[in-house]
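Colleague: First the structure, which I've put down as structure tokens, then a few questions once you've had a look.
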Amino acid sequence: MSASNSARPGWYPDPSGQQGVERFWNGAAWTAQVRTSRSAKPANSVPDAASPGADHAKLWLASGLPSAGPGEIIPPRPLRLEDIIAGAARLMKAQPGWLIGFPAAVSAVMTLLWFGATAALGIRIISSIDVSAGSFFSLIVLLFLLIFAIELAAFAVIATAVVVVSAPAIRGKAIATRSTRDTIIASAPRLAGFMVVYGVLTLAPYVVGGVVLVTVPILLLFVPVGWAFTVWLVVRYSLAIPIILLEGATTLNAMRRSDQLIQGSWWRSLGIQVVALALMWCAFIVGYAVTFGLGLFLIGAGWAFYVAVVLLLYYDLTLRREGATPVLTREGSDD
């Protein structure tokens, strides 16, 4: 096999001709990872490039579900829930500076901005209590929106860092600090449009609930329907972040492609993300129970873990549906 070969990543007979030895092909080149040959399985035969991605997925899934080899972040096949969760944890362990330390620093800056915004508007909010109910309510809403905008910006920076760092790490590429930093700075603004859409989707139930509470309280019975619809949309578009950053798609095109990849796997995608969020919130609660500083540290790390899970879900679904994934085949992968 050569760099131009379309064979999927996996274990194949050693090209040196050694009997009983397999070497790992990462999709672009042979690696230094070898192992003793196992009994022949469909997943270890060279895939036919003309076959649909779904056929490749069936071959992988029908095999013995090989585990990740030495030094591998994830196994070279469609992933199960445990593969995705464990893979996200391995990514963070492999790049603790970028995927734990950097998100923690971003969350610390975010918290300082929160306190700054609260201090700037707090005096005005207190002084407006006896002046006008409308003015008091407007300032509260303004503060909430300002804090929410700061949070979205912090999440965009963390998400960009996770995808930019994790993609080459999955491919076994070295990560240069300077070029990675420059790539994060250059790529973060590309998520701005999607963050606005994501923010609107997230805030919609609160806005609708507030309006209903003030006008026709009995309609609050229908608010859970609005929450359910929001969850449905958020899951459908959850893959937009890696699509924007890895495929260079615009916000709308990324949302369309995310929807296409999620179709038929909505409940599974929801379940995987719920598990990730549950683990993240458990870490938050334990962290804040110990000390505020630990809880603050875990905000950024928790977000990074969730984005890593979403990235591996994207890897899994593109591999299942298309037989290939930009996480492994993207050009210019040394950034």
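Colleague: Order 171-177, 231-237, 85-91 from most to least packed using the mean count of other Cβ atoms within 10 Å. Show your work: numbers first, answer last.
Modeller: Values: 171-177: 14.3, 231-237: 17.1, 85-91: 21.0.
In descending order of packing, they fall as 85-91, 231-237, 171-177.
Colleague: While we're looking at this one, here's another question. Protein chains only, probe 1.4 Å: how do TYR288, TYR198, TYR314 rank by accessible area, largest first? Walk me through the numbers on the way to the answer.
Modeller: Numbers: TYR288 95, TYR198 65, TYR314 0 Å².
Largest accessible area first, the residues go TYR288, TYR198, TYR314.
Colleague: At a 10 angstrom cut-off on C-beta neighbours, averaged per residue, how do the peptides 102-108, 278-284 rank from highest to lowest?
Modeller: Descending mean neighbour count gives 102-108, 278-284.
Colleague: Determine the distance separating the Cα centre of the range 167-203 from the Cα centre of the range 97-125; give it in Å without decimals.
Modeller: Rounded to whole Å, the Cα centres lie 20 Å apart.
Colleague: What figure in square angstrom, to the nearest 10, would you give for the accessible area of TRP30 with a 1.4 Å probe?
Modeller: For TRP30, solvent-accessible area is about 70 Å².
Colleague: Each label point is 7 Å from the Cα along the Cα-to-Cβ direction; what then is the distance between the points at VAL216 and GLN263, in nm?
Modeller: Here the answer is 3.5 nm between the modelled labels.
Colleague: Would you mind calculating the gained length between ALA192 and ALA105 on full extension (0.36 nm times residue separation, minus the Cα-Cα distance), in nm to one decimal? Please report the intermediate quantities before stating the final value.
Modeller: On the way: separation 87, 0.36 × 87 = 31.32 nm, distance 2.04 nm.
Here the segment from ALA192 to ALA105 would lengthen by 29.3 nm.
Colleague: Oh, and also: Classify the range 196-335: rounded, prolate or oblate, from the alpha-carbon gyration tensor (a ≥ b ≥ c, eigenvalue square roots; a/c under 1.5 rounded; otherwise prolate if a/b is larger than b/c)?
Modeller: Values: a/c = 2.19, a/b = 1.30, b/c = 1.68.
Oblate is the answer for the range 196-335, as a/c is 1.5 or above yet b/c matches or exceeds a/b.
Colleague: Please name whichever of VAL211, CYS282, MET195 sits farthest to the positive end of the charge dipole of the range 169-323, dipole taken about the Cα centre and charges placed at Cβ: Lys and Arg +1, Asp and Glu -1.
Modeller: MET195
Colleague: Here's something else I'd like to know. Treat each spin label as a single point 7 Å out from the Cα along the C-beta direction, and report the TYR288 to GLN19 distance in nm.
Modeller: 6.5 nm
Colleague: If you don't mind, there's one more thing I want to ask. Two decimals is fine: what is log10 I(q)/I(0) at q = 0.16, 0.21, 0.25, 0.26 Å⁻¹ for the range 106-192, from a Debye sum with one equal scatterer on every Cα and no solvent?
Modeller: Each listed q maps to, in turn, -0.71, -0.95, -1.13, -1.17.
Colleague: Let me ask something else. By how many nm would the segment from VAL275 to ARG178 lengthen if fully extended, with 0.36 nm per residue of separation less the alpha-carbon distance?
Modeller: On the way: separation 97, 0.36 × 97 = 34.92 nm, distance 3.39 nm.
Here the segment from VAL275 to ARG178 would lengthen by 31.5 nm.
Colleague: Can you list the residues of the range 269-306 with backbone N under 20 Å from a point 7 Å past the Cα of ALA119, pointing along Cα to Cβ?
Modeller: Those under the cut-off are 292-293, 296-297.
The values are calculated or read from the model by the stated rules, or taken from the named source; none is laboratory data. Values in this document were obtained by computation on a predicted structure and should not be read as measured data. Quick reminder, even Gly has a Cβ in these numbers, built from the backbone with ideal geometry, and neighbours come from all protein chains shown. Accessible surface areas use protein heavy atoms only, side chains included; no ligands, DNA or RNA. Shrake-Rupley method; radii C 1.70, N 1.55, O 1.52, S 1.80 Å.
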